[in-house]
Amino acid sequence: MSLFIAGCFGIVGFILATLAGLYADNMFGTIITKAMGSSVVCYVVGYMVGVIAQFIAREHAVAIAKKVAEIDEAESARKESEAAARVIQSTPPGGHATAASPVAAGINSPSAATPL
């Protein structure tokens with residue numbers, strides 16, 4: 001990204017210096033020389049701006065990733081607590097599994113499979 005921004009700055013610097021030289025009625029050699037110098041200076045400034053922009057974008061992305069991770073963690077904890085609450089609600093007061101529960105019915109149990 002920094003090279004792209006540097007290139008844009010360099011081109012804009014060259015164009016502006018060329019237009020300023022034409023407006024001032026300078027000679028062609030003078031216009032091109034000053035435009036090339038302006039292009040180099042603007043490229044260096046653009047590169048520095050690009051490096052700063054990359055750093056800021058990276059920091060922002062890390063901050064957003066942390067926020068998303070916290071939200072995902074809170075949501076998974078909420079889902080786990082809801083699942084635990086459903087299990088507690090489906091268990092009778094005696095604490096034994098009822099026939100309606102998958103464990104008592106033998107569903108998903110290896111011993112529930114009968115050999116042929």
Residue by residue through the stretch 70-82, the couplings from Karplus 6.51 cos²θ - 1.76 cosθ + 1.60 with θ = phi - 60°, in Hz, x for Gly and Pro, are 5, 5, 4, 5, 5, 5, 5, 5, 5, 5, 5, 5, 5
Give me the extension gain from VAL41 to GLU59: residue separation times 0.36 nm, minus the current Cα-Cα distance, reported in nm with one decimal.
3.7 nm
Quick one: 3J(HN,Hα) in Hz for the stretch 27-36, Karplus 6.51/-1.76/1.60 with θ = phi - 60°, rounded, Gly and Pro as x.
6, 4, x, 5, 4, 5, 4, 5, 5, 5
Semi-axes of the stretch 2-87's equivalent ellipsoid from the Cα gyration tensor, sqrt of 5 times each eigenvalue, largest first, rounded to whole Å?
57, 10, 6
ILE64, ILE11 arranged by Cβ crowding within 10 Å, fewest neighbours leading
ILE64, ILE11
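Each reported figure results from applying straightforward, stated rules to the coordinates on display, with no laboratory input. No experiment lies behind these values; they were computed from the predicted model shown. Every residue, glycine among them, receives a Cβ derived from its backbone with ideal geometry; neighbour counts consider all protein chains shown.
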